[in-house]
Amino acid sequence: MKLIVGSDHAGYPIKEKVSAFLQERGIAVEDVGTYGEESVDYTDFGKKVARKVSDGTFERGILICGTGLGMSMVANRFRGVRAALANDLFSAIMSRRHNDSNILVMGGRLIGDMLALQLVETWLDTPFDGGRHQRRMEKIDID
Ligand code: RB5
């Protein structure tokens with residue numbers, strides 16, 4: 001699987017850790033930035049990732065800002081994107097099992113490095129349950 005990742009300045013330190021972790025696991029990563037701790041707008045980076053998940057260029061993506069709130073608001077405006085704000089393991093697991101989330105969003109100011117890596121690993125390894133959740137998931141986008 002090839003993943004696309006992005007963050008603002010508040011998510012940058014964790015994005016770097018996440019990218020390195022994914023590459024160590026042999027997963028190819030496209031990093032759309034930001035590339036430092038200078039203040040930037042989370043909206044710009046959320047759109048870059050969500051657009052390429054929405055158009056099918058990437059199957060899954062990861063976004064990190066300070067709280068995760070802004071990134072999830074932006075990403076979920078894109079058709080076909082199911083961005084899950086998950087700063088705890090139960091949410092990360094259930095976002096895959098019941099919602100088939102295709103973007104994991106984390107709040108870099110709320111979680112530590114180790115939890116972030118555990119969230120990413122768990123989210124990547126948890127399959128969608130399908131069944132009744134498939135029908136519900138298909139009703140998410142506005143007709
Ligand atoms: C940046 O200060 C902060 O507002 C941003 O990272 C994010 O938390 C927005 O939702």
Do we find a residue being surrounded by fewer than 20 Cβ atoms within 10 Å (Cβ to Cβ), within 12 Å of the chain's Cα centre (by Cα) and within 13 Å of the ligand (Cβ to nearest atom) anywhere in segment 90-110? no
List every residue pair whose Cβ atoms lie under 7 Å apart, where the two residues are 6 or more positions apart in sequence or sit on different chains, the first residue falls within segment 18-37 and is without any contact (Cβ under 8 Å) to a residue 40 or more places away in the chain and assigned to a loop (DSSP other than H, G, I, E, B), and the second residue, located anywhere, is charged (D, E, K, R) and open to solvent by 60 Å² or more (accessible area, probe 1.4 Å). V32/K48
Would you mind finding the one in A116, A86 that is buried (at least 18 other Cβ atoms within 10 Å of the Cβ), in contact (Cβ under 8 Å) with a residue 60 or more places away in the chain and over 14 Å from Y42 (Cβ atoms)? A116
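Return yes or no: is Y42 more than 16 Å from A75 (Cβ to Cβ), modelled with pLDDT of 95 or more and either open to solvent by 40 Å² or more (accessible area, probe 1.4 Å) or not hydrophobic (A, V, I, L, M, F, W, C) (or both)? Break it down into steps so the answer makes sense when it comes.
Working: more than 16 Å from A75 (Cβ to Cβ): no; modelled with pLDDT of 95 or more: yes; either open to solvent by 40 Å² or more (accessible area, probe 1.4 Å) or not hydrophobic (A, V, I, L, M, F, W, C) (or both): yes.
Judged against the criteria, Y42 is not a match.
For segment 1-32, give me each residue that is of a type outside the set (V, I, T), farther than 20 Å from I111 by Cα and either within 16 Å of the ligand (Cβ to nearest atom) or crowded, with 22+ Cβ neighbours inside 10 Å (or both). Write out each step before concluding.
Restricting attention to segment 1-32, the residues satisfying the condition of being of a type outside the set (V, I, T) are 1-3, 6-13, 15-17, 19-26, 28, 30-31.
Imposing the further condition that a residue be farther than 20 Å from I111 by Cα reduces the set to 1-3, 23-26, 28, 30-31.
L3 - this is the single residue of segment 1-32 that is of a type outside the set (V, I, T), farther than 20 Å from I111 by Cα and either within 16 Å of the ligand (Cβ to nearest atom) or crowded, with 22+ Cβ neighbours inside 10 Å (or both).
The values are calculated or read from the model by the stated rules, or taken from the named source; none is laboratory data. These numbers come from a predicted model, not from an experiment. Here the Cβ is made from the backbone with ideal geometry for all residues, glycine too, and neighbour counts use every protein chain on show. All accessible areas refer to the heavy atoms of the entire protein, side chains included, with ligands and DNA or RNA removed. Shrake-Rupley method; radii C 1.70, N 1.55, O 1.52, S 1.80 Å.
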